[in-house]
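To start, the structure itself, in structure tokens.
The values are calculated or read from the model by the stated rules, or taken from the named source; none is laboratory data. Here the structure is a predicted model, which means the values were calculated and not measured. We place every Cβ from the backbone using ideal geometry, glycine too, and count neighbours over all the protein chains shown. Each accessible area value is taken on the protein alone, full model and side chains, heavy atoms only, with ligands, DNA and RNA left out. Shrake-Rupley method; radii C 1.70, N 1.55, O 1.52, S 1.80 Å.
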Amino acid sequence: MLRKINQVLLGGILCLSFVACNSVQKASNPVTEKTTMYQPIKVHTPKRAAGQKDVVNLVTPKLETVRVGFIGLGMRGPSAVQRFMHIPGAKVTALCDIRPERVEKAQTILEKAGVEKAATYSGSEDAWKALCERDDVDLVYIVTDWKSHVPMALYAMEKGKHVAIEVPGAMTMEEIWSLIDMAEKKRLHCMMLENCVYDYFELTSLNMAQQGLFGEIVHAEGSYIHALDDFWTAYWNNWRLDYNAKHRGDVYPTHGMGPACQALDIHRGDKMNYLVSFDTKPFKGKKLYEKVTGKSGDDFQNGDHTMTMIKTEKGKTMQIQHNVMTPRPYSRMYQLTGTKGFANKYPTEGYTVEPENVSKDDVPNHENLSSHGFVPKEAKEALMKKYKHRIHIELEEKAKQVGGHGGMDFIMDYRLVYCLRNGLPLDMDVYDLAEWSCLVPLSKISLENGSAPVEIPDFTRGAWNKIKEYRHAFAD
């Protein structure tokens, strides 16, 4: 009997020892089973029509004079008309707004500038169509509410006009693809008016990145963080707050997306593969809507704060944020993270670079640079002077005189006209419009599916690697 008890005890000890050893073995090899790879939610990519080709790096015949028709003369339209009074080779030939007094006010800008009056259109929701049909309009400049952008742009291109569209260029995937197809079909420029890519710090940082100061750019960040409490009631028929009330997602992504995508050479050697979005509940949005409109905000859709992460084909990442509700200092974030350096605009402008990546002849106190903090003020100023972009060298002083978000708007308009006059590819094409605007519908899909990954289509339909890097075009 005692012998049997000893055998049982010995067997139990051996069993426990085996389990313990086995447990240790499993703990030291945690990945023993094949993990499940979750595929992003697919979105439809329509086939390109037979005979239709991409418009990557599109060039069109030179225009000695770029004749412009403006649609939308509310918040931003008049300032755009004013800027065009200072651009060589541009002529405003037509003005349109649904409100006649807006058109009359814009006409006085031309009169004060001493130039020929423009044809005017107003009073009807379809008045803009006659502007698009004019023979003396080469470029239709659309500065209306978001929902009107695409119908106007499509009609203008159908009538043979280049188009420039305020941000965001389109709000749905159907709209985005319709603009791409029309631009490809008609071989016309369809550009989104994204001004932030011409910001002095951001364009200088882009030049640094392109010249290798930061090494390989592996991550970029951007945002639109701007409390709009002082502006909501200024939007015609309350269109902007209404859009946020009815739609969930990053509905205004392009100020952050533009500079980030240019730094990562998107559709010029790399492409975005998928995104994942997160948002808060509309804690303030609901109450704000009730305050402004007097209506119930129980069904207010958009979260106060939205974040989106993006992965590219080459394994790089982006983070984009949107918040127009809560009180915070204005920020577009703008960060570039590289293997040898870093750029940051908000809340403090600064650079971090490895000492061996800069010359002692270019940067004072070269030996004091560190990877742990921003370079000293003197070094930052020296770097910005050395890497000042050609566009700013040529246009900075004039841009500051004319104005428009510190000069960004003037440079944007000037470059648009310059490229059209010289038969050059525009700084931003229809695929930029698509990529930077697609966060509007795709972030919504992610959010409504528990923050699931969502595929980002290749809007070039195979041409994303045809050009190997993003660069601005010049005539000389």
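Descriptive notes on the structure:
- Taking 18 Å as the straight-line reach from the Cα of Lys295, the aspartates and glutamates in range (excluding those fewer than 8 positions away in the same chain) are Asp229, Asp242.
- Based on protein heavy atoms only, the chain ends up with 46 Å² per residue of surface accessible to a 1.4 Å probe.
- The accessible surface of segment 130-271, taken with every protein chain in place and a 1.4 Å probe, is 46 percent carbon and sulfur.
- Share of carbon and sulfur in the accessible heavy-atom surface of segment 307-411 [1.4 Å probe, %]: 49
- By the Kirkwood approach, averaging reciprocal distances over each pair of separate Cα atoms, segment 229-320 gets a hydrodynamic radius of 14.9 Å.
- Selection of GluC sites (Glu not before Pro), segment 123-228, meeting DSSP coil and at most 11 other Cβ within 10 Å: Glu125
- Unit charges on C-beta of K, R, D, E only; dipole of segment 52-116, Debye: 140
- Given +1 at the Cβ of Lys and Arg, -1 at the Cβ of Asp and Glu and no other charges, the dipole of segment 144-204 around its Cα centre is 400 debye to the nearest 20.
- Positive minus negative residues near Lys129 (Lys, Arg vs Asp, Glu; Cβ under 11 Å): -2
- Our summary gives segment 76-121 a relative contact order of 40 percent, counting only alpha carbon pairs under 8 angstrom and 6 or more residues apart.
- Surrounding net charge for Glu175, when Lys and Arg each add one and Asp and Glu each subtract one, Cβ distance under 12 Å: -1
- Beta bridges per DSSP with both ends in the chain, % antiparallel, nearest 5: 50
- In terms of the mean number of neighbouring beta-carbon atoms within 10 Å, the peptides 427-439, 83-95, 449-461 order highest first as 427-439, 83-95, 449-461.
- Rel. contact order, % - alpha carbon contacts under 8 angstrom, at least six apart, the chain: 20
- For segment 57-139, relative contact order (Cα pairs under 8 Å, six or more residues apart, normalised by length) works out to 34 percent.
- Distance violations [Cα-Cα > 30 Å] among Lys47/Lys159; Lys42/Lys388; Lys271/Lys444; Lys340/Lys444; Lys117/Lys398; Lys112/Lys380: Lys42/Lys388; Lys340/Lys444; Lys112/Lys380
- When peptides 275-287, 254-266, 387-399 are ranked by their average number of other Cβ atoms within 10 Å per residue, the highest-first order is 254-266, 275-287, 387-399.
- Stretching Ala234 away from Lys466 to a fully extended chain increases their span by 79.2 nm, per 0.36 nm per residue minus the current alpha-carbon distance.
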